[in-house]
Amino acid sequence: MDNYLQTLNEPQLEAVLNTDGPCMLIAGAGSGKTRVLTYRIANLMQGHQVDPFNIMALTFTNKAAKEMRDRIEVVVGADARNLWMGTFHSVFARILRAEAHQLGYPNNFTIYDTDDSKSLLRSIVKEMGLDETQYKVNTVYNRISSAKNKLISWQEYLAHSIIMADDASSMRPEIGNIYKAYALRCFKSGAMDFDDLLFNTDKLFKERLDVLNKYQQRFHYVLVDEFQDTNLCQYFIVRKLAAVRQNVCVVGDDAQSIYGFRGADISNILNFEKDYPDLRIIKLEQNYRSTKTIVEAANSVIAKNKAQLPKNVWTANDDGSLVELIKSVSDNEEGRLVASSIFEEKMQHQWKFSDFVILYRTNSQSRAIEEALRRMNIKYKVVGGLSFYQRKEIKDLLAYLRFSLNQQDEASFRRIINLPKRGIGDTTIDKIIVAANDHAISIWEVVQNASSFLGGRAANPIDDFVTKIKRFAIEIQNKDAYEAAAEIAKASGLLKELYEDKTVEGLSRYENVQELLNAIKEYVDDPEKEDKSLGAFLQEVSLVTGQDENKDNDPDKVTLMTIHMAKGLEFKNVYIVGLEEDLFPSQMMLSSRAELEEERRLFYVAITRAQQKLFLSYALTRYRFGRLKNCEPSRFLDDIDKRFIKISTRFGGVDSAPNPNYAKSLVSGIKKTISTQPVQRVAAYKPSADFAPSDTKGLLEGMKVEHPKFGFGTVVKLEEVGAERKAKINFTDFGEKTLLLSFAKLKIHEN
C-alpha cells in the first residue's frame, strides 16, 4: 500500500486518504483520475478494512470497470472481485434481479436490447394504424428514452400539457399513447429495456422504502466515475443510495461534459455542492499527459465558457512545439495537407502511424481524409464507424446509381428493389430471381414484364420501380454525374427518408449521403476529369472501395474518429480538422449559450487528447449540399492564445506571423493565392474515326489499347478486384491510369 501512495502528488494523496463524507474530485484532463479512484477504493479495502460487498463503484463503460478492478486486484488481491463495480446498467440490473418482484416483474425478466425495443415499437405503430413515415421508429424510441431518463412515466407523459403540445406541433400527437402501449407490453412480457434498468431502480427506491433502506445499509461507500456524464435519473439513484451515510465520492471534469445530446446533465456536477453543503472539493490539476503549450492552449479555450467550476490545469512537462495551424483551399486539399504532414512527421521523428489520430466533428468528414490517405498509401482505421464507402446509406445510393446505369447488376437490384420500402417482400424478390434463371433472361426483363411473371397485384409496385429506373437511365445519358446522382437521390426517396429521421444517427446518415453528392460535384468540377459521366465516377469509386476489401491485421495505422469517440484516449500527435463556422461549432448547436459552450468543451476535449504535437486545420471552401461554399475559420481558433500557435508554411501554406486577428486576416491572402494559381489542362482526345469498344475478356498485359478520352496506351498490369477485372494502363498523353474493364471502353489494337 505504501509503495503506490508514494507515487501520488499531494491532491491525489488527499483524495485517496480522505474517504469519509461527501467528496467531489474535479479531475482535469490527463490528471490521473482513474489511478486516484482506483487507489481510493484500494485504500478503503486495505487501509480501512471495508468489506468489498459494501462498496459500489459506478462507471460508464465495461472497459473502465474492468481496468479499475484489475488495478485494485494488483493491490488488494482477489477480494477486488467482490466489489459491486460496473456500469450503471449492469449494477442496477443486478439489484433488479433480486427485487423485480416488488414491482410486479419476474426476477428472471428479459432485457430488451435496442433492436428488440425498436421491433416492438414498430409493431405498435403498425397496430395503431399510424403512418410509419410520420412515426419513424428511431424518433419514437429516442423520445421515450429521453422521457425515462428524465423520470417521466407514461402516465406523467400523457398528463403533461407542454410535452403533449410539443408532440402535436411536430405532427406526432400519438407518441404518448405509443409510450403507454410500449410500457404495458414490456410489463406484460416480463421485459425491461436499457432505460428501464435505471427508471425502474428509481421507481423501486421511491415506492419501496424498505428496499431502499436495505441497500442504503449495504453500501457504505458509493463512488461515481465520469460524473459530468450522468443524467437526472442516474444522479437521483446515487443520491438516494448515499442519503444515510453520505459517503459519496464523484469524480469528473465539467470541462469534458460533451454528451448533452444523450441526456447528460452538466448541472449535476455544477450544482453538486448545493446538495451537499459539507462537500469536500479536491482539485486534480496537474496534467501528466501533454506539453505545456498544449495544456495552456486548452486552458485559454475553456476559459471562454461561463458555466464551469474554477480550476487551473498545469503541467511540469516540457514546453513542446507550438500548435500548428494548417490552412487549405478546399476540403480535398485539407485531406492532402494533413496526409502529407503525417507522412513527414512520421519520417522526421521516427514515429509509428499508430501515434497519429485525425479527429473530426461529424463522420461525413472522413471521406476526403480517407481518400487522401489512400493516395499516399497510408494505412488507417476508422474507429466507432465504418469506412465512408462501407456505410449503409452510401452503399444504398451507390446501388441505385449502379443499377440505373447497368440494369443487369443483380446485387444492386436486390439492395434497392424495396428501398425505401414499397411493399416488395423477399418472396417476390426470390420469384423474380427464379423466373430470370428459369427463362434464361435478365432480372430486368422479368421486372419489365412483372404482370406476366408475378400477377397483377404484386406487379404494381414493381412497375413503379421500373418506371423510375428507366427515367434515371435517361437522366444519366443526358446529364453529368452530379446532376444525375442528385436527381436519383431525390426521386428514389432515399434523401427524403433520411431527412425525416431527426435522430442523431439519422442526421449523420443524411450528412453522409450529402457528402457523397459533394464528392460527385467535386469530381464534375475538377478540370482534370475529362469524362464527367456517372459511369466514370462510379469507376473511380469502385477502385477506391476495392481497396477496402484488402483488410489486414497490421496495428500500425492512423486512427480516424469523431471527437466524441476520442474522449478518454490519448495520442502523441493529434490533428483536428474542419475548424470552420457552422461545422465546428456545428450549425445545430448555436441556438443557445449552453449549446455553444458544449461545443467549446468538445473542442477542449479534442485538444487535450494530444501528448506531444497538436495540429489544427480548416478549409476556405467546402462542398455543402452540392455547392462550393466559402468558409469562415471557426470562432474557436480565436479562443486560443496566439502565443501558442504558428501558421504552417509547409506543403504550399502561406507564411504569416500570428496576430490577434490572424484567422480572418489570412482568408483574403489565401484567396489571392488561389486565384493566381494556373490550372493545368490537357487537350481533350478525339477518338479514331472507326473507334468501337472491343471485348476485353482476352485483354493481356503488353497489349496496345485506345480509350475514347485518354487516347492510346499500353496495358501495364491486370488485376482481379472481387468479381471485377481492372487494368493499369500507361497512356501516352495522360500517364498511368487504372480502369475497371466493365466500365472502360477500350479498343484493342494490333501491336
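The values are calculated or read from the model by the stated rules, or taken from the named source; none is laboratory data. These numbers were taken from a predicted model, which means no experiment stands behind them. Neighbour counts run over all protein chains shown; Cβ positions are idealised from the backbone, glycine included. We work out accessible area using only protein heavy atoms, side chains counted, and drop any ligands, DNA or RNA first. Shrake-Rupley method; radii C 1.70, N 1.55, O 1.52, S 1.80 Å.
General observations
- For the cross-link pairs Lys66/Lys304; Lys136/Lys240; Lys529/Lys717; Lys346/Lys392; Lys274/Lys311; Lys240/Lys306, the ones whose C-alpha atoms lie over 26 Å apart are Lys66/Lys304; Lys136/Lys240; Lys346/Lys392; Lys240/Lys306.
- Share of Cα-Cα pairs in the range 97-195 lying beyond 21 Å, as whole percent: 32
- Cα-based equivalent ellipsoid, the range 585-630: semi-axes from gyration tensor eigenvalues, Å: 23, 19, 6
- C-alpha long axis of helix 114-127 to longest principal axis of the chain, angle in °: 70
- Protein accessible area in the chain, 1.4 Å probe - carbon and sulfur %: 48
- The chain - charge dipole about Cα centre, Lys and Arg +1 at Cβ, Asp and Glu -1, debye rounded to 20: 380
- Relative packing of peptides 480-492, 428-440 - highest average C-beta neighbours within 10 Å first: 480-492, 428-440
- Rg/Rh for the range 12-163, where both radii come from Cα atoms and Rh is the Kirkwood radius: 1.10
- The ellipsoid equivalent to the alpha-carbon distribution of the range 289-348 has semi-axes of 29, 18, 7 angstrom, derived from the gyration tensor eigenvalues as √(5λ) and listed largest first.
- Under 15 Å, Cβ to Cβ, from Glu207 - net charge with Lys/Arg +1 and Asp/Glu -1: 0
- Convex hull (Cα only) mean projected area of the range 376-454, reported in nm² to one decimal: 7.5
- Cα shape, the range 250-356, gyration tensor, a/c 1.5 rule: prolate
- Over 37 Å [Cα-Cα, the chain], rounded percent: 52
- Neighbourhood net charge (13 Å Cβ-Cβ; Lys/Arg +1, Asp/Glu -1) for Gln246: +1
- With viscosity 1.002 mPa s and temperature 20 °C, the Kirkwood radius over alpha carbon pairs of the range 139-274 converts through Stokes-Einstein to a diffusion coefficient of 131 µm²/s.
- Surrounding net charge for Ala368, when Lys and Arg each add one and Asp and Glu each subtract one, Cβ distance under 10 Å: -4
- From most to least packed by mean Cβ count within 10 Å, the peptides 116-124, 51-59, 193-201 give 193-201, 51-59, 116-124.
- Translational diffusion of the range 313-388, µm² s⁻¹ [Kirkwood Rh, Cα pairs; Stokes-Einstein; 10 °C; 1.306 mPa s]: 114
- Distance (nanometres) between label positions extended 7 Å along Cα→Cβ at Thr427 and Lys572: 6.1
- For Ala27, the amide hydrogen comes within under 5 Å of the amide hydrogens of Gly252, Asp253, Leu284, counting only partners 5 or more places away or on other chains and with H modelled in the peptide plane.
- When the listed pairs Lys629/Lys726; Lys150/Lys180; Lys118/Lys496 are checked against a 27 Å cut-off, the alpha-carbon distance exceeds it for Lys629/Lys726.
- Estimated FRET transfer efficiency (Asn478, Val504; beta-carbon r; R0 41 Å; 0.05): 0.60
- For Lys613, the aspartates and glutamates whose Cα falls under 17 Å of its own Cα, not counting residues fewer than eight places away in the same chain, are Glu296, Asp318, Asp319, Glu324, Glu344, Glu345, Asp355, Glu570, Asp641.
- Averaged over residues, the count of other Cβ atoms within 10 Å places the peptides 494-501, 220-227 in the sequence 220-227, 494-501, highest first.
- Length-normalised contact order for the chain - Cα pairs under 8 Å, 6+ apart - percent: 14
- For the range 480-618, taking Cα atoms only, Rg and Dmax work out to 18.5, 49 Å respectively.
- Of the cross-linked pairs Lys532/Lys646; Lys468/Lys704; Lys379/Lys572, those separated by over 29 Å at the C-alpha level are Lys532/Lys646; Lys468/Lys704.
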